[in-house]
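Asks: Below you will find the structure I want to go over with you.
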Amino acid sequence: MVDRSNSGRADRGALRDHFFPLLFIGGGSIGYGFLGGAISPLGEREIPAEYVPIYKAAEARYGVPRNLLAAHHRVETVFSTLQPMISSVGAEGHMQFMPCTWVGWSHPSCYGAGRGSFTEEEKTSLAMIARYGGYGVDADRDGRANMWSLWDSIFSAANFLAKNGAATGNLERAIFAYNYDQNYVAEVMMYARLYATEGFIPIEVIEPSESGFARPVPGVVTSPFGIRINPVTGKPGGRISRRHRFCLPGGTAHSGVQSW
């Protein structure tokens, strides 16, 4: 497993204040529609340009969307700017791997959180990783798999995510395997959406009403949420509408959903 603590990550309170007013419609979950998607303006501002070729190369090898790798990198170490890049439970490097996940959980010293007992040389040994079934990868081809190499770390994260479902579109399952925390899954998915331009429309919402959010549909609202009003007497009736109805061109009625 990787680091499943919240230590060393971006402040989630500030994150929520800055981004959570954005809602996403259309496109559904991130998957093949986001493979090769253009980087968004926010991604261009936030993601260091020199990292993008690494994400693309890892995507080409493992089939994990580049924007998902960028999102993990952002959440784990804010693109390798947090110092030191060692968490309180022992996760290391750019993508915060536990040593046992990197080298392999079948190693006799691996239990609990997965700190294990390894020398620095053992942590980078390709023979050790092959023997114990770890996820560490030698992407920069220097003969070692090093958590402190940016190429090795990102490719190893892609390797982990691919083997846990991301390569076949099961992104949320793969992210949850990376960190057993639904808030973590939501945070990574949020950034992955924000860093690509395909498959969604961002909508800024100030405050939801008690009825939730209405999906945007062209047309005039002819029958809103709430208690029906008798058109003759003007008095409330007994029925309660639980959806909007819109009058579309040509007189076709359409019901909007209450929330998503």
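Asks: Around residue 71, under 12 Å between beta carbons, what's the net of Lys plus Arg minus Asp minus Glu among the other residues?
Replies: Here the charged neighbours net out to 0.
Asks: While we're here: Sort 105-111, 78-84 for me by packing, meaning the mean count of neighbouring Cβ atoms within 10 Å per residue, highest on top.
Replies: Taking the mean over residues of other Cβ atoms within 10 Å, the ranking is 105-111, 78-84.
Asks: Which length gain, in nm to one decimal place, applies between residue 89 and residue 181 when the Cα-Cα distance is subtracted from 0.36 nm times their residue separation?
Replies: Details: separation 92, 0.36 × 92 = 33.12 nm, distance 1.56 nm.
Residue separation times 0.36 nm, minus the Cα-Cα distance, leaves 31.6 nm.
Asks: With the crude spin-label approximation of a point 7 Å out along Cα→Cβ, what separation in nm comes out for residue 105 versus residue 60?
Replies: About 3.2 nm, to one decimal.
Asks: Now, a different point. Once you have the Cα-Cα distance between residue 120 and residue 168, take 0.36 nm times their residue separation minus that, and quote the gain in nm to one decimal.
Replies: Stretched fully, the residue 120-residue 168 segment lengthens by 13.9 nm.
Asks: Moving on to the next point. Give the peptides 167-177, 93-103 in descending order of average Cβ contacts within 10 Å, highest first.
Replies: On the way: 167-177: 18.5, 93-103: 26.9.
Answer by packing, highest mean first, reads 93-103, 167-177.
Each value in this text was obtained by applying a stated rule to the coordinates, not by laboratory testing. Predicted, not measured: the structure shown is a model, and the values here were computed from it. We place every Cβ from the backbone using ideal geometry, glycine too, and count neighbours over all the protein chains shown.
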